[in-house]
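Data block below; observations after.
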Amino acid sequence: MVVLILLLIIELYLLNRILKYFLLSPIYLYVIFSLFSIIITIAYFYFYDDKFSLFNLDDVSQIVFLKTIKIYIIALISFIGGVLLYYDFSKKYLKKVFNKSYTDSLFFKYIVPLKTLIIARVLFLLIIILFIITYGSSIFIRSDYLPETNRGLTVLIKILSFIEIILLGIIFKGHKHKSLFYFILLLLISIGTGSRSAFLLYFVYITILFISSGNTLKNKISFSLNIFLSLVFLAYLMQLRMLNTHGVIPYIKSIVTSNEDFSETFFFNIYYSLVYGVFVTIKTIEEAQKDWNIIFISLNPFPGSMVGWYNYADDMRINLFAPYSLHGRVFKMGIGFTIIYFFVTGLIFSFMEKKIRYFLNEGKRVVAFIITLLLILHIIYGFEYNLRSAFRYIYYAFFIIFIVYLFKYIRPYLLKKKSTID
């Protein structure tokens with residue numbers, strides 16, 4: 001273990017030398033989240049007496065716990081090793097891109113048209129009407145976690161909600177109180193659906209506020225705090241399915257029942273965000289089958305119905321609420337596969353890091369933020385969700401990059417065709 005920790009420290013030193021940190025760096029996000037998880041989990045295991053022990057998963061021996069932590073460290077070493085190799089084999093101009101901080105490229109100022117607030121109000125009213133049509137009173141209280149709804153309308157609500165959140169972020173500077181008022185209302189009603197899309201709404205909103213507020217220390221601290229709170233918020237959303245009743249009213253009550261309950265809920269969310277996944281991994285290693293076909297299906301980009309995912313899905317759960325984790329599934333296949341898998345993940349994240357920095361060079365901030373968000377979801381989902389659920393976000397990121405470059409190459413043709421018609 002001591003040798004592994006020393007190797008990890010050396011790699012972290014080398015990583016700091018070759019890769020300039022900035023807030024949207026997917027490599028640093030991965031490394032920081034992993035380190036926080038390992039350190040806080042160790043502290044929780046040894047020094048936190050009143051264990052939460054969700055689903056009785058925390059009751060493990062010291063030998064099993066330390067063995068799992070050791071594999072987590074090996075996985076992180078392998079990930080950073082992939083990053084270092086990618087850098088080492090990169091051309092000189094790419095190394096300069098990695099050595100440059102892109103923090104200044106994140107910020108821009110814009111002029112908000114007067115009609116933007118009017119559009120935001122009208123769109124908010126439309127979203128509320130759609131919520132009433134789709135969910136009715138069940139949005140406030142119901143017995144089932146996910147009510148039966150018209151899928152087309154729910155998708156429309158999500159799309160319009162994202163547009164609304166962008167508008168609310170844009171008008172924040174000129175209409176702070178109105179922006180916050182509509183944002184809080186939209187977030188509350190979105191929480192009532194039981195969907196984790198509320199996390200994305202929160203993340204997009206704080207991101208827009210961040211990039212429009214300038215490159216100041218106060219803004220960076222505020223954004224970093226909001227990132228942490230967003231992870232806690234996501235953990236809160238994930239545990240809602242375990243409540244007996246659902247909807248806006250029960251969900252709010254679960255937070256504000258009392259000051260003591262709020263404090264306990266807050267610390268539970270930290271546990272759920274950074275610690276719980278390690279114990280899910282331990283249980284996954286104990287229960288999961290060592291099956292290469294499951295690995296193939298989990299990494300297959302085609303729909304689950306085509307590759308036979310649903311023949312295995314129900315058996316890959318600790319219980320109804322806790323699926324096997326990505327780490328547990330990979331660790332189960334042995335140290336060799338673990339090293340290879342996370343080494344390749346390091347290469348993939350290095351490629352994404354390069355693309356994000358290129359997009360920022362070209363002024364494509366929105367694309368850079370979308371790709372970063374998808375990779376954050378991969379990191380979080382990989383911590384306590386199955387391999388297939390987490391890895392699909394990497395495919396989504398590749399798809400976004402493909403669409404951007406496809407449009408880049410066909411745009412001159414479209415412009416030429418348009419000028420010919422004119």
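The values are calculated or read from the model by the stated rules, or taken from the named source; none is laboratory data. Fair warning: this is a prediction, and the values are worked out from it, not measured in the lab. Every residue, glycine as well, gets a Cβ built from its backbone with ideal geometry; the counts of neighbours run over all protein chains shown. These accessible areas exclude ligands, DNA and RNA; they are computed on the full protein's heavy atoms, side chains included. Shrake-Rupley method; radii C 1.70, N 1.55, O 1.52, S 1.80 Å.
Among the residues that make up the stretch 137-153, is at least one of them farther than 30 Å from F223 by Cα, assigned to a helix (DSSP H, G or I), under 27 Å from the mean Cα position of the chain (by Cα) and among the β-branched types (V, I, T)?
Yes; the residues of the stretch 137-153 include at least one that is farther than 30 Å from F223 by Cα, assigned to a helix (DSSP H, G or I), under 27 Å from the mean Cα position of the chain (by Cα) and among the β-branched types (V, I, T).
Anything in the stretch 168-213 that is part of a loop (DSSP other than H, G, I, E, B) and open to solvent by 20 Å² or more (accessible area, probe 1.4 Å)? List them, or say none.
F172, K173, G174, H175, S195, R196, S213
Filter the stretch 266-296 down to the residues that are open to solvent by less than 30 Å² (accessible area, probe 1.4 Å) and over 23 Å from the mean Cα position of the chain (by Cα), then identify the one that is nearest to S254 (Cα to Cα).
Among them, the one singled out is A288.
How do the pairs read when you match residues in the stretch 360-376 that are over 15 Å from F349 (Cα atoms) with residues anywhere that are open to solvent by less than 20 Å² (accessible area, probe 1.4 Å) and not aromatic (F, W, Y), using Cβ under 6 Å and keeping only pairs 6 or more apart or on different chains?
L360/A368
Which residue, of I111, I118, is within 30 Å of F210 (Cβ to Cβ), part of a loop (DSSP other than H, G, I, E, B) and open to solvent by 90 Å² or more (accessible area, probe 1.4 Å)?
I111 is the lone residue from the list that is within 30 Å of F210 (Cβ to Cβ), part of a loop (DSSP other than H, G, I, E, B) and open to solvent by 90 Å² or more (accessible area, probe 1.4 Å).
Can A322 be described as touching a Phe, Trp or Tyr at 6+ places or on another chain (Cβ under 7 Å), among the small types (G, A, S) and open to solvent by less than 40 Å² (accessible area, probe 1.4 Å)?
yes
Return yes or no: is I129 among the β-branched types (V, I, T), touching a Leu at 6+ places or on another chain (Cβ under 6 Å) and in a helix (DSSP H, G or I)?
No.
Could you list, in sequence order, the residues of the stretch 297-331 that are part of a helix (DSSP H, G or I), of a type in the set (S, T, Y) and under 21 Å from the mean Cα position of the chain (by Cα)?
S298
Among the residues of the stretch 212-236, count how many are of a type in the set (S, T, Y) and within 15 Å of the chain's Cα centre (by Cα).
3
Could you please tell me which pairs satisfy a Cβ distance under 8 Å, a separation of 6+ or placement on different chains, a first residue in the stretch 158-181 that is among the charged types (D, E, K, R), and a second residue that is not in a helix (DSSP H, G or I)?
If the second residue must be not in a helix (DSSP H, G or I), the pairs left are K158/S195; K173/V112; K173/S212; K178/I171.
Hey, among the residues in the stretch 325-381 that are small (G, A, S) and crowded, with 22+ Cβ neighbours inside 10 Å, which one's farthest from F33 (Cα to Cα)?
Step by step, filter the stretch 325-381, then rank; the result is A368.
Return the pair list, or none, for Cβ contacts closer than 6 Å from residues in the stretch 1-21 that are more than 16 Å from I38 (Cα to Cα) and free of Cβ contacts under 8 Å to residues at least 40 places away in the same chain to residues that are among the aromatic types (F, W, Y) and open to solvent by 30 Å² or more (accessible area, probe 1.4 Å), at least 6 apart or on different chains.
none
Pairs only if they're at least six apart or on different chains, beta carbon under 7 angstrom, first in the stretch 64-81 and within 17 Å of T284 (Cβ to Cβ), second open to solvent by 20 Å² or more (accessible area, probe 1.4 Å) and outside any helix (DSSP H, G or I); list them, first residue then second.
From the stretch 64-81, the pairs are K70/M1.
Would you pick out the residues in the stretch 107-158 that are out of contact with any Phe, Trp or Tyr (no Cβ under 9 Å at 6 or more places or on another chain) and among the charged types (D, E, K, R)?
Residues satisfying the conditions are K109, K115, D144, E148, R151, K158.
Report yes if L188 is at pLDDT 85 or above, farther than 22 Å from L146 by Cα and out of contact with any strand residue (DSSP E or B) (no Cβ under 6 Å at 6 or more places or on another chain), otherwise no.
no
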